[in-house]
1. Return yes or no: is Leu198 within 8 Å of the ligand (Cβ to nearest atom), outside any strand (DSSP E or B) and within 20 Å of Gly144 (Cβ to Cβ)?
2. I need a count of the residues in region 447-487 that are part of a strand (DSSP E or B) and either out of contact with any strand residue (DSSP E or B) (no Cβ under 6 Å at 6 or more places or on another chain) or farther than 23 Å from Ala160 by Cβ (or both).
3. Please go through region 283-319 and pick out each residue that is under 24 Å from the mean Cα position of the chain (by Cα) and charged (D, E, K, R).
4. When you go through Asp266, Asp271, Asp275 one by one, which is the residue that is in a loop (DSSP other than H, G, I, E, B), away from the ligand (no atom under 16 Å from the Cβ) and out of contact with any Ser or Thr (no Cβ under 8 Å at 6 or more places or on another chain)?
5. Can you tell me which of (1) more than 26 Å from Ala54 (Cα to Cα); (2) within 16 Å of the ligand (Cβ to nearest atom) is the one Gly99 doesn't meet?
6. Any residue at all in region 178-191 that's at pLDDT 95 or above, assigned to a loop (DSSP other than H, G, I, E, B) and acidic (Asp, Glu)?
7. Of everything in region 354-382, what is of a type in the set (Asp, Glu) and in contact with a helix residue (DSSP H, G or I) (Cβ under 7 Å, 6 or more places away or on another chain)? Give them in sequence order.
8. Within region 251-261, can you find the residues that are modelled with pLDDT of 95 or more and within 11 Å of the ligand (Cβ to nearest atom)?
Amino acid sequence: MTTTEYRQFIGGDWTGASGGATFEDLDPYSGEVLAKAAAGTREDARRAVEAASAAFPAWSQTPPAERQRIFLAAADILDRRADEVVGLLTRETGCCAYGFGMFQMGFVPGLLRQAAALAYSPLGQILPSDLPGTMAMGLRRPVGVVGAIFPWNAALILSARGIAAPLALGNTVVAKPSEESPFVGGLLWGEIFAEAGLPDGVLNVVTHAPGEAGPIGQELVENPAVRRINFTGSTTTGRKLAEAAGRHLKRMVLELGGDNPLLVLDDADLDYAVDASAFGAYLHQGQICMSARRLLVDRRIADAYLDRLAAKTAGLKVGDPAEAGTVIGPLINQAALDNVERRVRDAVAGGAKVLAGGERVGRCFQATLLADVPPDSELARVETFGPVATVEVVDGPEQAVARANDTAYGLAAGILTGDPDRGLALADQLQAGIVHVNDQPVGDEPQMPFGGVKDSGWGRFGGQAAVDEFTELKWVTVQSGTHPFPF
Ligand code: ADP
């Protein structure tokens, strides 16, 4: 059997790593080697930035209609490859084919079609000037080369969103997927956009071996040709990159971790609350930045809610993500599995009660519901990327809000209540970039301003917010006559 080999996409060419090295792209469920991928280096990243810089002048002047055509074609190509892409998402990232795989595949063509419209979105301004004869304008111009770094967890969505708006707005891009998803979270876009007719060098994709992201990130931060960076990933890495980018006065969009609360108020519909909680906590094994990790339930309904949620959680099927009916597939790698197991064990040793799950099954970890988690345990303090939700019983909405805000993070939150007005008033008090009333925290639409506050990052992906992130507003004046100067 010949092993598939993935090459990098630089300047329109499919190319191996500068040092010739490769690494193994693994299936997290079976452990099988799916492909060998180029173990790119800082030199490869530098070449990619050069290619992107060279392509920028022409691409930034390309008429919006042509950019739009390319994005609409890319969406059609992705649709045509839907079954293959769902299969690849399942095999490369372990997401359930009939769950998060199909969800991503349903989402991304729409994201590309909305990006097609973004080509026409950067509206400028005519500004009132106090100088007679002066025409003053605010012009929106593309910024140049954008560095884009993505994680593996929602590989298709997060890679698409990191490149689509920057490209549609006339920038060129150097993309760096995670080592866990070099193809479906990166190189796939090289294939799709090349077929759609994107000119050479406008999009470049550099891959690297596990643990070798640093030098590529460094090149993107330090190379003066890169004018913006968007990063989706952990708070730890995002903080490191933001510190370095600060030294170079380089603006970033940072979408980082979350320890997202779901408030279950006393007037919530119980069946709906149970379904919403399980979905929010366990979709994609809880490996979503928006996953509901802390369930804050009002004491008046806590017993009934917890009984039903524990039963539902215990019944979620664990196993092969390619099989219909599986809800809980594998965690992304052995380190992630060990980490989740250790944190659960530590919490239990410290007094936490297991209401459901709590054990590993092969490369998977059962959907797990814990109560009485010690506040000083790692599980209570740090985002844990796995199918583990903690429950806390609260007395009334004020206490729920106080507990919800008692975290360093601030990405997404949900408030389950039968009273929309009550929900809206509480939404205002939550320290989060995203709040859903009468829904759980996991959700996205391409046109929404997506991002967090506090340690969850800054900047917004999505819709008009992306126009601000990936264009420069330039003040230009035209003086129609002459005017006197004081000397
Ligand atoms: P996760 O735990 O979700 O994988 P990471 O922050 O480790 O989060 O990874 C998100 C992205 O950041 C991946 O593409 C990863 O390769 C990349 N990354 C990790 N370390 C660095 C670094 N030092 N510089 C640049 N990118 C990095």
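The values are calculated or read from the model by the stated rules, or taken from the named source; none is laboratory data. The shown structure was predicted, so the numbers you read here are calculated from the model rather than taken from an experiment. All Cβ positions, glycine included, derive from the backbone under ideal geometry; neighbour counts span all protein chains shown.
1. Details: within 8 Å of the ligand (Cβ to nearest atom): no; outside any strand (DSSP E or B): yes; within 20 Å of Gly144 (Cβ to Cβ): yes.
Spelling it out, it is not the case that Leu198 is within 8 Å of the ligand (Cβ to nearest atom), outside any strand (DSSP E or B) and within 20 Å of Gly144 (Cβ to Cβ).
2. To start, the set of residues in region 447-487 that are part of a strand (DSSP E or B) comprises 450, 457-458, 461, 471-479.
Then keep just the ones that are either out of contact with any strand residue (DSSP E or B) (no Cβ under 6 Å at 6 or more places or on another chain) or farther than 23 Å from Ala160 by Cβ (or both); that gives 472-479.
Residues that pass the stated criteria total 8.
3. To start, the set of residues in region 283-319 that are under 24 Å from the mean Cα position of the chain (by Cα) comprises 283-295.
Matches in region 283-319: Arg293, Arg294.
4. Values: Asp271 fails: in a loop (DSSP other than H, G, I, E, B); Asp275 fails: in a loop (DSSP other than H, G, I, E, B).
Of Asp266, Asp271, Asp275, the one residue that is in a loop (DSSP other than H, G, I, E, B), away from the ligand (no atom under 16 Å from the Cβ) and out of contact with any Ser or Thr (no Cβ under 8 Å at 6 or more places or on another chain) is Asp266.
5. (2)
6. To start, the set of residues in region 178-191 that are at pLDDT 95 or above comprises 178-191.
Now narrow it down to the ones that are assigned to a loop (DSSP other than H, G, I, E, B): 178-182.
Narrowing further to those that are acidic (Asp, Glu): 179-180.
So far as region 178-191 goes, yes, one or more of its residues are at pLDDT 95 or above, assigned to a loop (DSSP other than H, G, I, E, B) and acidic (Asp, Glu).
7. Residues of region 354-382 that are of a type in the set (Asp, Glu), as a first pass: 359, 372, 376, 378.
Within region 354-382, Glu378 is the sole residue that qualifies.
8. Initially, region 251-261 is screened for residues modelled with pLDDT of 95 or more, giving 251-256, 258-261.
Of everything in region 251-261, those that are modelled with pLDDT of 95 or more and within 11 Å of the ligand (Cβ to nearest atom) turn out to be Leu254, Glu255, Leu256.
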